[in-house]
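Colleague: Sending over a structure as structure tokens; questions will come in a sec.
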Amino acid sequence: MLVAPSILSADFGKLAEDVKAICEGGCDLVHVDVMDGHFVPNLTIGPVVVEAVAKVATKPLDIHLMVENNSFFVDLFAPLKPGFISFHIEEEKHPHRLIQKIRALGIRPAITLNPHTPPEAIEFLLADVDMVLLMSVNPGFGGQKFISNVVERAQRLKALIEKRNPKCLIEVDGGVNDENVKELEAAGVNVVVAGSFVYKHPEGVAAAISALK
Ligand code: DX5
Ligand code: ZN
């Protein structure tokens, strides 16, 4: 299981230190939640702060856009050379065009699905993306309760991926811990995002990451 800690749960007063800790603690990706106060009822960080994160991160950034104007935000973050950029399908009129744009910038494109969006909605985009992110909470905040229907959604997505693009990864984000990660693994999930589980773990971030793995 690949692990992408969400820095949303880090201490922003010592962000560089908290980013270094997850990279040294064995994470695979650094998950960055970008919220615009419109698509979701919360506002987080922009390129100035993410640039500071990119400077100290030794693992690829996994930028999760929760915004209304995806193309504008792709342009803002592309110069930081993230590993992945994911955008919400619910907020994009021309997903195929946006995927081509992200790829042309040398970034791996990913699509995110809210808890109500069926995996079948993106069947004909799967051939063009490297990852699909299934939300297991309503996007906007860390520390929410895991919505367990993600297990069935992951199973259905896995079947579509086998047919259309077997190399495409499945990522799950929201309320993930060392208990529910087992059923996610069994459902074919490749990457878990975890914010509060990692940053609030009593034995520290490295212990949390290895528990998820
Ligand atoms: C929610 C974000 C998540 C969040 C996960 O909108 O996309 O990445 O930070 O935090 P936990 O693991 O605490 O649910
Ligand atoms: Zn996220």
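The values are calculated or read from the model by the stated rules, or taken from the named source; none is laboratory data. All values reported here derive from a predicted model rather than from experimental measurement. Cβ coordinates were reconstructed from backbone atoms using ideal geometry, including for glycine residues, and neighbour counts include every protein chain displayed. Ligands, DNA and RNA are stripped out before the accessible areas are found, and what is left, the full protein with its side chains, is counted by its heavy atoms. Shrake-Rupley method; radii C 1.70, N 1.55, O 1.52, S 1.80 Å.
Colleague: Among the residues of segment 170-188, count how many are open to solvent by 10 Å² or more (accessible area, probe 1.4 Å), in contact (Cβ under 8 Å) with a residue 60 or more places away in the chain and within 13 Å of the chain's Cα centre (by Cα).
Modeller: Number satisfying all stated conditions: 1.
Colleague: Where the second residue is open to solvent by 50 Å² or more (accessible area, probe 1.4 Å) and among the charged types (D, E, K, R) and the first is closer than 10 Å to G140 by Cβ and lies in segment 37-51, which pairs have Cβ atoms under 9 Å and are six or more apart or on separate chains?
Modeller: Note: pairs meeting the criteria are F39/E68; F39/E90; F39/E91.
Colleague: Here is a check on your reading of the model: is L8 at negative phi, within 13 Å of ligand 2 (Cβ to nearest atom) and within 14 Å of the chain's Cα centre (by Cα)?
Modeller: Yes.
Colleague: Return the pair list, or none, for Cβ contacts closer than 9 Å from residues in segment 104-121 that are at positive phi to residues that are charged (D, E, K, R) and open to solvent by 10 Å² or more (accessible area, probe 1.4 Å), at least 6 apart or on different chains.
Modeller: G106/K81
Colleague: If you go through segment 122-150 one residue at a time, how many are part of a helix (DSSP H, G or I), buried (at least 17 other Cβ atoms within 10 Å of the Cβ) and either more than 16 Å from ligand 1 (Cβ to nearest atom) or among the acidic types (D, E) (or both)?
Modeller: Selection size over segment 122-150: 4.
Colleague: Okay, next question. What do you reckon, is V172 out of contact with any Pro (no Cβ under 8 Å at 6 or more places or on another chain), within 13 Å of ligand 1 (Cβ to nearest atom) and in a strand (DSSP E or B)?
Modeller: Judged against the criteria, V172 is a match.
Colleague: Name the single residue, out of those in segment 1-44 being of a type outside the set (A, V, I, L, M), within 14 Å of ligand 1 (Cβ to nearest atom) and closer than 20 Å to E171 by Cα, that is surrounded by the most Cβ atoms within 10 Å (Cβ to Cβ).
Modeller: P5
Colleague: With the requirement that a residue be farther than 22 Å from D173 by Cα and touching a residue at least 12 places away in the same chain (Cβ under 8 Å), what does segment 82-97 give you?
Modeller: Listed by number, the list holds a single entry, H96.
Colleague: OK, next. Hey, can you tell me all the residues within segment 82-118 that are under 23 Å from A4 (Cα atoms), open to solvent by 70 Å² or more (accessible area, probe 1.4 Å) and touching a helix residue (DSSP H, G or I) at 6+ places or on another chain (Cβ under 7 Å)?
Modeller: L105
Colleague: Hey, another quick one. Looking at I161, is it over 21 Å from K20 (Cα atoms), part of a loop (DSSP other than H, G, I, E, B) and aliphatic (A, V, I, L, M)?
Modeller: The answer is no for I161.
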